[in-house]
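Asker: Quick one: the structure is below, and I'll ask about it shortly.
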Amino acid sequence: MRLAKYIAHAGVASRRKAEEMISQGQVRVNGRLIDTPAFEVDPANDQVEINGILLYPEARQYILLNKPAGYLSTVTDPFGRPTVMDLIGDIGQRLYPVGRLDFDTEGLLLLSNDGDFTNQMLHPRHKVPKRYEARVRGRVEPAELEQLARGVELDDGWTAPARVELIKYGPNETLVEIEIHEGRKRQVKRMFEAIGHPVIHLVRTGFGNLNLGNMAVGEYRFLTSEEVNQLLALAAGLSKTTDSEGKT
Ligand code: URA
């Protein structure tokens with residue numbers, strides 16, 4: 001969030017007055033003098049001081065949403081389509097989706113105002129695993145599942161090894177669980193396209209140690225501090241994946 005907006009939101013001054021104070025050199029962020037009103041701050045982590053007075057930081061919030069299909073994982077949409085923010089309503093703080101799910105993908109989406117947390121979750125080096133249930137066209141043979149698990153070539157390169165498990169065969173379709181730790185655009189759909197079985201329906205069922213469980217579609221809940229710490233530990237390579245009950 002822009003510094004001037006943050007100060008205005010904190011109730012200290014109007015947006016215009018905040019801009020003036022910043023330009024006049026009255027504001028420090030993490031101890032450094034900042035004179036640009038558009039400077040980006042992380043409301044949950046940065047320390048903002050005005051004339052030596054430290055503003056009380058925003059409480060960090062972490063939400064797990066079971067995203068329905070037909071919603072964008074963005075804060076706003078220039079075309080007025082529904083976004084996941086419409087499902088959260090006003091919780092007094094501005095949250096942002098932690099990564100993206102496609103418009104037609106359902107399932108586990110995190111939202112937070114903690115920029116550090118978001119970076120930890122999304123950084124490719126941290127390899128936080130994401131689990132999906134994909135209902136795909138046709139019968140996926142075991143050899144094709146192995147191919148997915150080893151890696152397939154997409155137009156942006158080979159995919160890293162994945163965990164792939166057959167759930168069941170249906171009439172001319174297959175339900176597959178796949179766990180990946182990369183976060184490329186439309187990755188799961190492109191992986192199944194690459195083996196000739198386009199995705200009919202995609203649900204993200206797990207993210208790191210979190211599982212959707214039996215949350216209804218469209219429902220959300222706040223994460224516990226234990227869950228947040230487990231995710232951070234996982235991203236830092238301190239723990240293996242565990243589910244919400246703490247089982248490995
Ligand atoms: N992979 C996809 O193809 N789509 C998503 O929404 C998430 C992962």
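Asker: Just ASP42, ASP156, ASP90 to compare: in a GNM of the chain, with alpha carbon springs under 10 Å, which one fluctuates most?
Answerer: Judging by the Gaussian network model, the answer is ASP156.
Asker: Let me ask something else about it. Using θ = phi - 60° and the Karplus curve 6.51 cos²θ - 1.76 cosθ + 1.60, what whole-Hz ³J(HN,Hα) does each residue of segment 35-45 get, with Gly and Pro shown as x?
Answerer: Values per residue, Gly and Pro as x: 10, 10, x, 7, 3, 7, 10, 9, x, 8, 10 Hz.
Asker: Next question. How big is the chain by the Kirkwood estimate over distinct Cα pairs, in Å?
Answerer: Result for the chain, one decimal place: 20.0 Å.
Asker: When only alpha-carbon atoms are used, what values of Rg and Dmax, in angstrom, describe segment 67-121?
Answerer: 11.0, 31
Asker: Normalising by the residue count of segment 3-54, find the relative contact order in percent from Cα pairs under 8 Å and 6+ residues apart.
Answerer: 33
Asker: Same structure again: Taking the simple approach of a point 7 Å from Cα along Cα-to-Cβ for both GLU146 and ASN119, what is their distance in nm?
Answerer: 4.3
Asker: Take every DSSP beta bridge with both residues inside the chain and express the antiparallel ones as a percent of the total, to the nearest 5.
Answerer: Antiparallel bridges make up about 95 percent of those DSSP assigns within the chain.
Asker: Report, by chain and number, residues whose modeled amide H sits under 5 Å from the one on ASN211, excluding near sequence neighbours (fewer than 5 apart, same chain).
Answerer: The list, which skips near neighbours in sequence, is SER244.
Asker: May I ask you to work out the translational diffusion coefficient for segment 3-54 at 37 °C, viscosity 0.692 mPa s, via Stokes-Einstein with Rh from the Kirkwood sum over Cα pairs, reported in whole µm²/s?
Answerer: 314
Asker: May I pose another question? All other residues with a Cβ under 14 Å from the Cβ of GLY25 taken together, and with Lys, Arg as +1 and Asp, Glu as -1, what is their net charge?
Answerer: For residues surrounding GLY25, the net value is -2.
Asker: Highest GNM mean-square fluctuation, the chain, Cα pairs closer than 10 Å: which of LEU154, LEU108, LEU65?
Answerer: LEU154
Asker: Under a 5 Å amide H to amide H cut-off, with H placed in plane at 1.01 Å, what residues pair with ILE200 once short-range neighbours are removed?
Answerer: ARG135, VAL136, ARG137
Asker: Further question: Can you tell which of GLN47, GLN187, GLN24 shows the greatest fluctuation in a Gaussian network model of the chain with Cα springs below 10 Å?
Answerer: GLN24
Asker: Per the helix-only calculation at 222 nm, which mean residue ellipticity applies to the chain, given -39500 (n - 2.57) for every DSSP H run of n ≥ 4 and division by its residues, nearest 500 deg cm²/dmol?
Answerer: -6000 deg cm²/dmol
Asker: Measuring with a 1.4 Å probe in the full set of protein chains, what accessible area per residue, in whole Å², belongs to the chain?
Answerer: 52
Asker: Next question. Taking only C-alpha pairs under 8 Å that are 6+ residues apart, what is the relative contact order of the chain in percent?
Answerer: It comes to 18 percent, rounded to a whole number.
Asker: Still on this structure, I have one more. Report the equivalent ellipsoid semi-axes for segment 129-207 in whole Å, largest first, defined as the square roots of five times the eigenvalues of the gyration tensor built from alpha carbon atoms.
Answerer: 18, 14, 11
Asker: Hey, what's the per residue convex hull volume over the C-alpha atoms of segment 1-146, in cubic angstrom?
Answerer: About 142 Å³ per residue, rounded to a whole number.
Asker: Could you please state how large a percent of the accessible area of segment 129-207 is carbon and sulfur, counting protein chains only and using a 1.4 Å probe?
Answerer: C and S atoms contribute 50 percent here.
The values are calculated or read from the model by the stated rules, or taken from the named source; none is laboratory data. Note that the structure is a prediction, hence the values are computed from the model and not measured. Heads up, the Cβs are rebuilt from the backbone with ideal geometry, glycines too, and the neighbour counts pull from every protein chain shown. Accessible surface areas use protein heavy atoms only, side chains included; no ligands, DNA or RNA. Shrake-Rupley method; radii C 1.70, N 1.55, O 1.52, S 1.80 Å.
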